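Just so you know, all these numbers are worked out from the coordinates, no wet-lab data involved. Only a predicted model underlies this, so the values are computations on that prediction, with no experimental measurement involved. Don't worry about glycine lacking a Cβ; one is built from the backbone with ideal geometry, like all the others, and counts go over all protein chains shown.
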Amino acid sequence: MAFGTDPRLARMGGRVAVDQVDAGLRRYMLSIYNYMGLGLALTGIIAMFVAATPALYIPIFTSPLKWVVMLAPLGFIFFLGFRLNQMSVSAVQMTFWAFCAVMGLSMASIFLVFTGESVARTFFITAAAFGALSLYGYTTKRDLSAMGTFLVVGLFGLIIASVVNIFVGSSAIQFAVSVAGVLIFAGLTAWDTQRLKEMYLENMEPGAQTKLAVMGALTLYLDFINMFQFLLQFMGVRTSSD
């Protein structure tokens, strides 16, 4: 990304400032991807461990406790959203790791429903698609803000349709929701990457950038996880016991 035309850099010393900001941007984005990757690894390890331990998954998924586990990640997201500015950098980081751990508990159920081979295959396909889409969002000169607005509206519609289908139980609605989900989160991956890149100059203080990197990692983490789960509806092979 070229920052030479940004008036905020004119006061920082011309070409030297641009080079410094470009280097800072690369470090910032790498930090986001590192947080995200480690978060996904933590989620996956916990999910596989819980799924392989009947003493853990039986009391969780055969009792009302499953609703606590399923809704807890949403609580973490709201907590970070409302408390981010008041939290220290270390507190934000610890909350992120706790969120990823709880997501691991929630996602253990996919290893009980789908075969490990199909889960792994879907994961690697999601990773490849996510990488390509995020790279596009990072490198494109096209302004994706208009698309982002459309995708956010679509996301609300997706949530409403998913809630309705809990009560209706329609396979046709489920198929439509899954298709829309893949497309929406594919688009959000590119838009969020561009948005995080553009937010970099607004937060030049190291502490603010660290918090922003953690929240950016959370955003891209959620894009990845949701795209993975919707793709799994198409590509997942259910276990014989399901």
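When mean projected area of the Cα convex hull in nm² is calculated directly from the model, which label among (i) 15.4; (ii) 14.3; (iii) 12.0 fits?
(ii)
Would you mind checking the tilt of helix 206-235 against the longest principal axis of the Cα atoms of the chain, expressed as 0 to 90 degrees and rounded to 10?
Rounded to the nearest ten degrees, it is 40.
For the pair ALA72 and THR115, what calculated FRET efficiency results from E = 1/(1 + (r/R0)^6), where r is the Cβ-Cβ distance and R0 = 30 Å, to the nearest 0.05?
Details: r = 27 Å, r/R0 = 0.89.
FRET efficiency, THR115 to ALA72: 0.65.
Give me LYS211, LYS66 ranked fewest to most by other Cβ atoms within 10 Å of their Cβ, as a rough exposure proxy.
On the way: LYS211 21, LYS66 16.
Fewest-to-most Cβ neighbours within 10 Å comes out as LYS66, LYS211.
Treating cross-link reach as a plain straight distance, find the lysines whose alpha-carbon is under 29 Å from the alpha-carbon of LYS197, omitting any fewer than eight places away in the same chain.
LYS141, LYS211
Using only helices, what value at 222 nm comes out for the chain when you add -39,500 (n - 2.57) per DSSP H run of length 4 or more and divide by the total residues, to the nearest 500 deg cm²/dmol?
Working: 10 runs with 199 residues, N = 242.
Helix-only estimate at 222 nm: -28500 deg cm²/dmol.
The stretch 101-162 to the stretch 27-83: how many Å between their Cα centroids?
15
Could you check which residue among THR189, THR62, THR95 shows the biggest mean-square fluctuation in a GNM of the chain with a 10 Å Cα cutoff?
In this elastic network of the chain, the residue with the biggest mean-square fluctuation among THR189, THR62, THR95 is THR62.
With the chain treated as a Gaussian network of Cα nodes joined by springs under 10 Å, which of ALA91, ALA186, ALA51 yields the largest mean-square fluctuation?
ALA91
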